[in-house]
Every structure is written in structure tokens, then in C-alpha cells.
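For reference, the structure is listed below as C-alpha cells.
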Amino acid sequence: MKLLRVAVLASGTGTNLASILAATQNGTLSARVVLVVSNKVEAGALEIARNSNVPALHLSREQFESPEDLDQAFLCAFKEQNVELIALAGYLKKISSSIIREYKHRMLNIHPALLPSFGGKGMYGIKIHQAVLDYGCKVSGVTVHLVDEDYDSGIPILQRCVPVEQDDRPKTLAARVLEQEHKIYVEALQLFAENKIEIRGRQVVIN
Ligand code: GAR
């Protein structure tokens, strides 16, 4: 089977990137990570990419005169590697409209909660799990969704529930959710690799 050419964008530790790379290596994901980009020079994700011989790029606003120049650098890097699908994995910068347009229905994000709850600007990482616990939720979960021009508002592709336990702290809940993230992101990417996803309005049909 032809391997889907994926770029992963990440700002942090990169455990989702690591699980995606592992799945490409053990054959559960028919894809190849052809590029990793981070806005943070010290991101663990860049280190993971280098250790796997994947091109690793640091791109951030300060390196460029204008936001448009930064967009061009992204688009050039994607073109150079013939990127077919972009996976955001803990990438904390907003993606510009021009890039979203270019990769319409071909850009995914993973969010560690059941959207549309606990999403939006400023909702990332441990803050999400704190908010879930503060609200008193009995379940939380994971959403893999398409990226559109607002924060966390794109069409959901896959969602999975995770129980909230009585003695949970943000860190323990985050760990339980992260375990599911590592599985569900690979599953969602495989659906794209097998060309099984059809978008009809806001509905996703899995063929
Ligand atoms: C993940 O939990 C991901 O869902 C979250 O950041 C973490 C990155 O972890 N993303 C967001 O909160 C986006 N709103 P990782 O670097 O270990 O993959």
C-alpha cells in the first residue's frame, strides 16, 4: 500500500509524535512521517524526529519579517516533502488561514477532551484536565478533529471517552487521557491512509 506522507507539528514533549512514529514502524499505520515542525527550538518532538532520522524544522514568527513569510516557509517545507496530511500533536500556535485553505480536510488536531466541551483559545494541556475536574465531570476523553479557522471547532473525526475517577488530580486524568490519545490518533490517521474518510457537510462518513 502507498504510504501517506504526514507532517507532524508539535510544541512539546512529543509523545503523540512518538506513538505515530512507532505505528509507522510496526506497520499498524500505513504512513510515513516525512517532516516534523516545531515553534519551539527545544521541543522534545524535534529531538524525537532527529533520533528517527525524520527532517526536523524549527519555524517561529521571530525568524521572519512578516506572518506571511512564516506561512510561505511552512508551505515550502510541506511542498518540498510532498506532504499529503498534517497532524497537529500538541502544537500550540494558531495555523494561518492560507495554510488551512491549502490543506482543507487534510489537517488534523488532537484535543485531550470531548469537544465542544473544554476547548477554545487558551484550553490546552493540564488546564483542560483541571477544568474538567473543577466542573465535576464523570467522563472526559479525546477528540481527533479536522482543523478549521477557529480553535478546536473543526469537524470531529473520532472521539473516545475516558472515565474520571473520584481521586483524580489533573495529572492522573491527563495520563489516562494521553494513553487513549496515542491509540486514537493512529486509528484516525490510518482511516485517512486507507482513504476511508468522506466529509459530507459536518458529517464524517467512514467507508
Ligand atoms: C497532548 O495531550 C495533546 O492532546 C495536547 O497537548 C499534549 C501534547 O502532548 N494538545 C492540546 O491541548 C491542544 N489544545 P505530547 O507533546 O506528549 O504529544
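The values are calculated or read from the model by the stated rules, or taken from the named source; none is laboratory data. All of these numbers come straight from a predicted model, not from anything done at the bench. For neighbour counting, all protein chains shown are included, and Cβ atoms are generated from backbone atoms with ideal geometry for every residue, glycine included. Side chains included, ligands, DNA and RNA excluded: accessible areas come from the protein's heavy atoms. Shrake-Rupley method; radii C 1.70, N 1.55, O 1.52, S 1.80 Å.
Quick rundown of the values:
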| read-out | value |
| --- | --- |
| G119 vs. criteria near the ligand (Cβ under 10 Å from one of its atoms) and within 26 Å of R169 (Cβ to Cβ) | yes |
| Test: residue in segment 170-186 that is more than 28 Å from N39 (Cα to Cα) and either exposed (fewer than 15 other Cβ atoms within 10 Å of the Cβ) or of a type in the set (V, I, T) (or both) | no |
| Filter result for I128 (under 24 Å from V177 (Cα atoms), within 15 Å of the ligand (Cβ to nearest atom) and crowded, with 18+ Cβ neighbours inside 10 Å) | yes |
| Any chance E194 is open to solvent by 40 Å² or more (accessible area, probe 1.4 Å), under 18 Å from the mean Cα position of the chain (by Cα), at pLDDT 95 or above and among the acidic types (D, E) | no |
| Segment 1-23 - residue that is β-branched (V, I, T) and buried (at least 21 other Cβ atoms within 10 Å of the Cβ) and, of those, farthest from K93 (Cα to Cα) | I20 |
| Members of segment 154-173 found to be out of contact with any strand residue (DSSP E or B) (no Cβ under 6 Å at 6 or more places or on another chain) and in contact (Cβ under 8 Å) with a residue 40 or more places away in the chain, listed by number | P170, K171, L173 |
